[in-house]
Structure formats: C-alpha cells, structure tokens
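Enquirer: Following this message is one structure expressed as structure tokens.
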Amino acid sequence: MKFKLPIVKGVLVRRYKRFLADVKLADGTVVLAHCPNTGSMRTCSEPGRPVLLSFHGIDCGRKLLYTLEAIRMGNHWVGVNTMNPNRAVAEAVSSGLIPELSGYVTLQREVKYGRNSRIDLLLSGHPERSHTCLVEIKNTTYRVGDGVLYPDAVTARGLKHIQELTRAAKTGERAAFFFFVGRSDVEWMGVADTIDPDYSNALRRAVEQKHIEVYAYRARISPQGIKIEKRLPVKL
C-alpha cells in the first residue's frame, strides 16, 4: 500500500490528549499533527524519535494539516496511524497475498452486522464455501521482547467484537481476527494478559471453541508506504 499524500519527516516532541502530537520539522518549525491512534502507543511514542507525517496541503480545509503516520524505533519504522491497516489488508486480500483469506469473489469494507457493529471486511462468493467470511482487523505495535502483544490498553470495543463474531460463527459464518503487526522487528504475536485479561481470556475461549480464526501478519513500514511481508506465529 502506497501512501497517497506527500510524506514529511520530523522529530516527535510529544504526544498528548490522545489524538494530538507536536512534531519538529527539519527547518525547526514545530507543527501540531493529528495522531489517529486510540491506544496507549506503548513502546512507540518516545519523544525525540524520528517520525513520518503525511501532509494534506494548505488548502485541504482541515484544522490539522499533518497526520502522524509512523515513528522510528531502533532501525525500524512503526506504523501508528490505525486508519492504514484496514486499507493495507484489504489490498493484500484482494491481490491474493493472504492465502488464508483467498478465493473470495467479493470484498466489502465497513459492513454493518450483529448488534450495531461494523465488520472491517466481509468476504463472499467463495466457490467452495457457502458462507461469508467476517474479518475484524486489529492493529498491534506493543513490543515485548521479540514479540508483539495486543491490546496495549483495555478495550471494551475489542471484547464486543469477540462476542459479535462468536455469535456470527454459531450461525455458520466464518469469523476471523487479522492482527496487523505494524512493525518489522518482532517474530510472534500474543495477547496482553496483564493489560486486559478479560479480552485475552475471551479470545482464547473463542479460538479453543473454534468460533474464531486468528492470523497475525507482520508489515514493513517505509516512507513510501506499507508492505505486508510475513505471517507470524500466534501465542495464546
């Protein structure tokens, strides 16, 4: 997935009020950027780190002209814009790059289902599967050792998604969680028991009961865009 807007490099001064970040540009100017990430951004929000910003243009009509896209941690860029994974995964699935989700004729995004919920991807028209496939995409960047954990903050919304997908699976639909690992310096994905044990235990139960399939794919972030590069083992 290529970034659609021009990318500008800077240095993170601070992230605050959840959705705001002060960034110093190369000329010394400090700009206020939108930070589209509802999580805590543990292990990927240190002041002084290089960052990538997308620039919307002075005539875009937006109050904030910049959006925080990625932060440099060590030798790797980490994606922090949680709006990007859905687009990147949709493009990868459409291109047949995710074998576990291949073979479907139709891909729809942001489709209503369940009890006032929306599914990130709805796949249908598989020649060998009579039911649709519901795919919920989760962005994860919380690094612990050589792995990455989800979530990085308590997520009532995430727990609701597990419950909704479980109900759908019980009616015969195929349900899957796709964990988009937005950093290329890790080798496995797991759940963060110490942060949200309710979520972790609910996901384990759903997988053990074969209601929900779980996949984790690592992505490489660059100033040019995002490339989903390999599947990671999931440790529940």
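The values are calculated or read from the model by the stated rules, or taken from the named source; none is laboratory data. Bear in mind that the values here come from a model prediction, so they are computed numbers and not experimental data. Cβ: placed from backbone, ideal geometry, glycine included. Neighbour counts: every protein chain shown. Surface areas here come from the heavy atoms of the whole protein model, side chains and all, with no ligands, DNA or RNA. Shrake-Rupley method; radii C 1.70, N 1.55, O 1.52, S 1.80 Å.
Enquirer: Restricting things to Cα coordinates, could you compute the convex hull volume per residue of the stretch 140-202 in Å³?
Expert: Taking only Cα atoms, the stretch 140-202 has a hull volume of 82 Å³ per residue.
Enquirer: Right, another one. Loop-only check: which GluC sites (Glu not before Pro) in the stretch 145-236 are DSSP coil with at most 14 other Cβ within 10 angstrom?
Expert: 187
Enquirer: Okay, next question. Could you go through the stretch 3-16 in sequence order and give the Karplus-derived ³J(HN,Hα) for each residue, using 6.51 cos²θ - 1.76 cosθ + 1.60 with θ = phi - 60°, rounded to whole Hz, and x for Gly and Pro?
Expert: Calculated HN-Hα couplings, in order: 5, 7, 9, x, 9, 10, 9, x, 10, 6, 8, 6, 10, 8 Hz.
Enquirer: Across 5 Å bins from 0, what is the distribution of all Cα-Cα pair distances for the stretch 116-236, in whole percents?
Expert: Binned Cα distances yield the sequence 2, 11, 20, 22, 20, 14, 7, 3, 0.
Enquirer: Between 195, 221, 212, which gets the highest mean-square fluctuation from a Gaussian network model of the chain, Cα cutoff 10 Å?
Expert: Looking only at 195, 221, 212, the largest GNM fluctuation is found for 195.
Enquirer: Using amide H atoms built in the peptide plane, which far-off residues or other-chain residues are under 5 Å from residue 232 H to H?
Expert: Hits under the 5 Å cutoff: 216, 217, 218.
Enquirer: In deg cm²/dmol, rounded to 500, what helix-only [θ] at 222 nm does the chain give when every DSSP H run of at least 4 residues adds -39500 (n - 2.57) and the total is split over its residues?
Expert: Using -39500 (n - 2.57) per qualifying helix, the result is -5000 deg cm²/dmol.
Enquirer: Taking every DSSP beta bridge with both residues inside the chain, roughly what % is antiparallel (nearest 5)? Show your work: numbers first, answer last.
Expert: Details: 47 of 69 bridges.
Restricted to the chain, the bridges split so that about 70 percent are antiparallel.
Enquirer: Sticking with this one: Taking amide H positions as placed in the peptide plane 1.01 Å from N, state which residues far from residue 3 in sequence (5 or more) or on other chains have amide H under 5 Å from it.
Expert: It is 225, 226, by chain and number.
Enquirer: Determine one quarter of the surface area of the Cα convex hull of the stretch 46-154, which equals its mean projected area, and express it in nm² to one decimal.
Expert: Answer in nm², one decimal: 10.6.
Enquirer: Treating only the Cβ atoms of Lys and Arg (+1) and Asp and Glu (-1) as charged, compute the dipole magnitude of the stretch 88-178 about its Cα centre; round to the nearest 20 debye.
Expert: Values: 12 positive and 10 negative charges, 86 e Å.
The calculated dipole for the stretch 88-178 is roughly 420 debye.
Enquirer: Additional query: How big is the charge dipole of the chain about its Cα centre, in debye rounded to the nearest 20, if each Lys and Arg gets +1 on its Cβ and each Asp and Glu gets -1 on its Cβ?
Expert: 360
Enquirer: Another question about this same structure. In whole Hz, with x marking every Gly and Pro, tabulate ³J(HN,Hα) for the stretch 52-61 from phi via Karplus 6.51 cos²θ - 1.76 cosθ + 1.60, θ = phi - 60°.
Expert: 10, 10, 8, 10, 7, x, 6, 9, 7, x
Enquirer: At a 1.4 Å probe radius, carbon and sulfur cover how many percent of the accessible area of the chain?
Expert: Exposed carbon and sulfur together represent 50 percent of the surface.
Enquirer: Could you work out how much longer the chain between residue 193 and residue 17 gets when fully extended? Use 0.36 nm per residue separation minus the Cα distance between them, nm to one decimal.
Expert: Between residue 193 and residue 17, full extension yields 60.8 nm more.
Enquirer: Mind checking which lysines have their Cα closer than 25 Å to the Cα of residue 63? Skip sequence neighbours fewer than 8 apart in that chain.
Expert: Partners found: 2, 4, 9, 17, 24.
Enquirer: Probe of 1.4 angstrom, ligands and nucleic acids ignored: what's the accessible area per residue over the stretch 39-153, in square angstrom? Each step should come with its number before you reach the end.
Expert: On the way: 5460 Å² over 115 residues.
That works out to 47 Å² for each residue.
Enquirer: For the chain, what does the relative contact order come out to in percent, with C-alpha contacts under 8 Å and a separation of six or more?
Expert: After rounding, I find 16 percent.
Enquirer: Could you compute how fast the chain diffuses translationally, taking Rh as the Kirkwood radius over C-alpha pairs and applying Stokes-Einstein at 4 °C with viscosity 1.567 mPa s? Give it in µm² per second.
Expert: Numbers: Rh = 18.5 Å.
D, rounded to a whole number, is 70 µm²/s.
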